[in-house]
Amino acid sequence: MESVKENRRAHMTKIRLKKALIKLRQNKPLRCVTVKELCTLADVSRSTFYLHYDSPEEVFYEIEDTALSRRETALAKSQYAKGSTEYWLIFLDNIEQYPDIYYILFTQTEEKKFKERIRETYINAVPIKFLNNEDKNNLVINYTIAGNIAILVSWIKSGCKMPQKELANLRFAIFGKINTLTDEDTKWDEKRSA
């Protein structure tokens, strides 16, 4: 019975450390967060911190993994077609449940692991072989992902005020036409440049 109590205590300590780190990350990059300030804000001793983690980075990577796993699990359970509005709504629901975490993940440029996983998810969800040139495909993918992230950051900043369905429809109105691009659309046209 003692191990259950200890596990619960350890779990609660980790939650407090994660919440404290999220709060600290709103004002400073991860590399500037110290163990001392993290422990002070979480009301945890340094020795307790080191029982669970080696660094603030390790705490953050656990937060990141948890957020991504939740999202990926929810999307995997979906019977909706990848890239569909319903599929997108599942992602929006996950963001709305954890806006502080996603805001940090989307806006902190040092979080390359998260952005790589978002890119992988996008590539798996949306057909991207619409152009015969791999470089052009990568440019379109990068543009689309950056645009989607910008929309999500604005939505989070607004307090997720716009209803999820309306945001999903707006996103599809903006980015849905990208899937119909052809090589002909990307050729230089003297008439368009004038």
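Data overview
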| quantity | calculated |
| --- | --- |
| Val140 accessible area, assembled protein chains, probe 1.4 Å, Å² | 20 Å² |
| Gained length - Lys177 relative to Lys113, 0.36 nm times residue gap less alpha-carbon distance | 20.2 nm |
| With DNA, RNA and ligands ignored, accessible area of Glu184 (1.4 Å probe; Å², nearest 10) | 120 Å² |
| Accessible heavy-atom area order of Met162, Met12, highest first, probe of 1.4 Å | Met12, Met162 |
| Ranked order, His52, His11 - accessible area, probe 1.4 Å, largest first | His11, His52 |
| Two-site FRET efficiency, Thr66 against Ile141, from Cβ-Cβ distance with R₀ of 35 Å, rounded to 0.05 | 0.85 |
| Tensor-based shape of segment 6-70 (alpha-carbon gyration tensor, a/c under 1.5 rounded, otherwise prolate or oblate) | oblate |
| Area of Cys39 that stays accessible when all protein chains are in place (1.4 Å probe, Å², to 10) | 10 Å² |
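The values are calculated or read from the model by the stated rules, or taken from the named source; none is laboratory data. This one's a predicted model, so the numbers in the text were calculated from it and none came from an experiment. Note that we place each Cβ from the backbone using ideal geometry, even for glycine, and neighbour counts take in every protein chain shown. Ligands, DNA and RNA are excluded from the accessible area calculation, which covers all protein heavy atoms including side chains. Shrake-Rupley method; radii C 1.70, N 1.55, O 1.52, S 1.80 Å.
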